[in-house]
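Here's the structure we're looking at; comments come further down.
The values are calculated or read from the model by the stated rules, or taken from the named source; none is laboratory data. All of these numbers come straight from a predicted model, not from anything done at the bench. Note that each Cβ is placed from the backbone with ideal geometry, even for glycine, and that neighbours are counted across all protein chains shown. With ligands, DNA and RNA removed, areas are computed over all heavy atoms of the protein, side chains included. Shrake-Rupley method; radii C 1.70, N 1.55, O 1.52, S 1.80 Å.
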Amino acid sequence: MRISILIFLTMVSFLFSQDEVDPAYMASFGSVTINGKLYNQISVRPEFSTNKIGMGFDIYLYFDEDGNLYRENWDFTSPRASFKTIVDKIYYFRYGQPFDDLYFRIGALPKVTLGYGILINDYANNIDYPQIRRSGIDLRYQVSGFKLQFIHSDLKEINKPGLIGFRGSVPMVENFNIGFSIASDFNQYNGLVDSDGDGYPDFVEPDYADDADYYHENQFIIEQLQSNPGCFDTTVDTMLLGCENAISNFSDEIIADFTDVMNNKDNITGLALDLGFQINDRFSIYSEYAQLLGETSDPRDMNDPEKFDTTLGYGFIPIGVSANFGGVEFSMDYRKNSDNFIFSYWDKNYDHNRIMENNGILITKESTLYKYGSQKGINLGLEANVSKFFKFSLDYAKMKGNIWKSGSCNNSVYNNPLDCENNQWQNPDDDDDSLANGEWTNSAYSKEKNNSLYLKLQIDTSSIPQVQIAEVFYQQTNSRNPFQFKPNQNSLFGYNVGINLSNNMIVVLKGRKSFEFNENGYKPVHSTQIETSVYF
């Protein structure tokens, strides 16, 4: 059946390409790291594209050092598993272009923004590719000035996406539109990795993360009891009461161990309202307001009598301007926010910091929003071609306002373990008098810089012999100085380099690096893919 599906998907590209454009076929082999283990990769990637339709498949096989097939992506044991397996092999399907009346893309979503980006800005569902293949949808429709956009981060996880968003825009008068957006993560705990797909995240079954049949050591004990002939009354073929009670107790222990994580529901939702006015073909002005719905954690010491408001806050862009000068796109806005709010909550790195683990403690992104008090500043966006050699994208937010400072790590008064490592806690402004004898004397906000940077650089390789792809990107959000490259849970670094070996053969190196926190500070999490691709 697996071979039949592979042949079927390959033939589909031939059918769609008749009389329009010849499809491109690529076979590749190389290595990929999945869950810290190295696999050899063989794949076939037929792709075709016209102005209206584009489709790419990703049909692949992974083998470990013993020649065993990695089967998690070839699972036909149930209708749900079969659906996920088939959808997993479609890298993308596109109809139309983003500026058309009807456009949609299913599969990998490398860059998605809703409205002017106050809630969703440059979100990417393929940041973990190929370790995790998400198949999302970005659907846009417009008629008579009305515009609709729908986003879902992963159709394979239809009921637990990291992001689901909707925006509607209505024309009020000529060149003036009003839009309403909603974005939500139904349960941030669904972001925990489940390597074997058994419904139990690796966090709750670390010893059985790659075994779909087992998730708790008590299962073995229960199986032994159930298979023990001495536990049955042979006259009625019924398990004796003592064994039944023991099995019940061991089953209750399993439920108790998993209840906190498996039954946790942690929803976060954002609502936004935007106004836009098109001055002419080059200039437009806009305004946008957003409110996050949910609760952050309480960072105060449990013995602190002062109450902390954990309700999430709002962000506001009173005025912004965007311009397009052919090869240069520019935007700038003034923005401010209340306590417990950050701009662009759903960004490129969201699927990495949606939920994090620190020494057995799970920390959602929402729970860390208490760090950010009221702030204000400007945001600058720029995308341009530099001569004929470079193309770069820049998004830089320069903010200043209240940042949470808490007690000493040595005194263990932190409720959130991420507090202890943040450098801005340990390097206050010179005029900050809240430091005494090297330790914070109270739990309070103080004025700090809180800047964010996203930078992508692409090199025009047409003038560089044998180089086909050369690009690098870097993201650092909510940091005192993102140009210092001090990592935290919001840091993301990546690169893609392709070298031609012959007219139709290329070696591609893809690297990604994010960071997670442990007792020794931030630990890099590497994702590397090396492959040799042949086009025919």
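Name every residue in the stretch 111-131 that is in contact (Cβ under 8 Å) with a residue 60 or more places away in the chain and among the aliphatic types (A, V, I, L, M), in order of residue number.
Answer for the stretch 111-131, where residues must be in contact (Cβ under 8 Å) with a residue 60 or more places away in the chain and among the aliphatic types (A, V, I, L, M): Leu114, Ile118, Leu119, Ile120, Ala124, Ile127.
Just to verify a result, which residue in the stretch 333-362, among those that are of a type in the set (Gly, Ala, Ser) and within 17 Å of Gln188 (Cα to Cα), is surrounded by the fewest Cβ atoms within 10 Å (Cβ to Cβ)?
So, considering only residues that are of a type in the set (Gly, Ala, Ser) and within 17 Å of Gln188 (Cα to Cα), the one surrounded by the fewest Cβ atoms within 10 Å (Cβ to Cβ) is Gly360.
All but one of (1) within 18 Å of Asn451 (Cβ to Cβ); (2) of a type outside the set (D, E, K, R); (3) at pLDDT 75 or above hold for Ile355; which doesn't?
(1)
Arg282 fails exactly one of the following numbered conditions: (1) without any contact (Cβ under 8 Å) to a residue 40 or more places away in the chain; (2) farther than 23 Å from Tyr445 by Cβ; (3) not small (Gly, Ala, Ser). What is the number of that condition?
Condition not satisfied by Arg282: (1).
Return the only residue of Ala444, Ala384 being of a type in the set (Gly, Ala, Ser), farther than 26 Å from Ser297 by Cα, modelled with pLDDT under 90 and surrounded by fewer than 21 Cβ atoms within 10 Å (Cβ to Cβ). Outline the logic, then answer.
Numbers: Ala444 fails: farther than 26 Å from Ser297 by Cα.
Testing whether each residue is of a type in the set (Gly, Ala, Ser), farther than 26 Å from Ser297 by Cα, modelled with pLDDT under 90 and surrounded by fewer than 21 Cβ atoms within 10 Å (Cβ to Cβ) leaves just Ala384.
Just give me the residues in the stretch 363-393 being of a type in the set (A, V, I, L, M, F, W, C) and either outside any helix (DSSP H, G or I) or over 21 Å from the mean Cα position of the chain (by Cα) (or both), in sequence order.
Ile363, Ile378, Leu380, Leu382, Ala384, Val386, Phe389, Phe390, Phe392, listed by residue number.
Out of contact with any Cys (no Cβ under 8 Å at 6 or more places or on another chain), farther than 22 Å from Thr477 by Cβ and without any contact (Cβ under 8 Å) to a residue 40 or more places away in the chain - does that describe any residue in the stretch 349-368?
yes
Working carefully through the options Asp298, Asp351, find the one that is closer than 18 Å to Lys365 by Cβ, outside any loop (DSSP other than H, G, I, E, B) and in contact with a helix residue (DSSP H, G or I) (Cβ under 9 Å, 6 or more places away or on another chain).
Asp351
Every residue in the stretch 89-132 that is out of contact with any Asp or Glu (no Cβ under 8 Å at 6 or more places or on another chain), more than 27 Å from Gln475 (Cα to Cα) and buried (at least 19 other Cβ atoms within 10 Å of the Cβ), please.
Arg94
Of the residues that sit in the stretch 480-506 and are over 21 Å from the mean Cα position of the chain (by Cα) and among the small types (Gly, Ala, Ser), which one is surrounded by the fewest Cβ atoms within 10 Å (Cβ to Cβ)?
Step one: filter the stretch 480-506 for residues over 21 Å from the mean Cα position of the chain (by Cα), giving 480-481, 483-484, 497-506.
If we keep only those that are among the small types (Gly, Ala, Ser) too, we end up with 498, 502.
Values: Gly498: 18, Ser502: 9.
Filtering first and then ranking leaves Ser502.
Give the stretch 138-174 a look and list any residue that's polar (S, T, N, Q) and in contact with a Phe, Trp or Tyr (Cβ under 8 Å, 6 or more places away or on another chain), or say none.
Once the filter is applied, which keeps residues that are polar (S, T, N, Q) and in contact with a Phe, Trp or Tyr (Cβ under 8 Å, 6 or more places away or on another chain), the stretch 138-174 yields Gln149, Ser153, Asn159, Ser169.
Of the conditions (1) surrounded by 13 or more Cβ atoms within 10 Å (Cβ to Cβ); (2) modelled with pLDDT under 80; (3) polar (S, T, N, Q), Ser4 fails just one. Which one is it?
(1)
When you check Leu509 against the structure, is it surrounded by fewer than 16 Cβ atoms within 10 Å (Cβ to Cβ), touching a residue at least 24 places away in the same chain (Cβ under 8 Å) and under 26 Å from Ser43 (Cα atoms), yes or no?
No; evaluated as a whole, the condition is false for this residue.
Any idea which residue in the stretch 55-82 is surrounded by the most Cβ atoms within 10 Å (Cβ to Cβ), counting only those that are within 23 Å of Asp211 (Cβ to Cβ) and touching a residue at least 40 places away in the same chain (Cβ under 8 Å)?
Tyr60
Name the residues in the stretch 31-54 that are open to solvent by 10 Å² or more (accessible area, probe 1.4 Å) and under 25 Å from the mean Cα position of the chain (by Cα), would you?
Ser31, Thr33, Asn35, Gly36, Lys37, Leu38, Tyr39, Arg45
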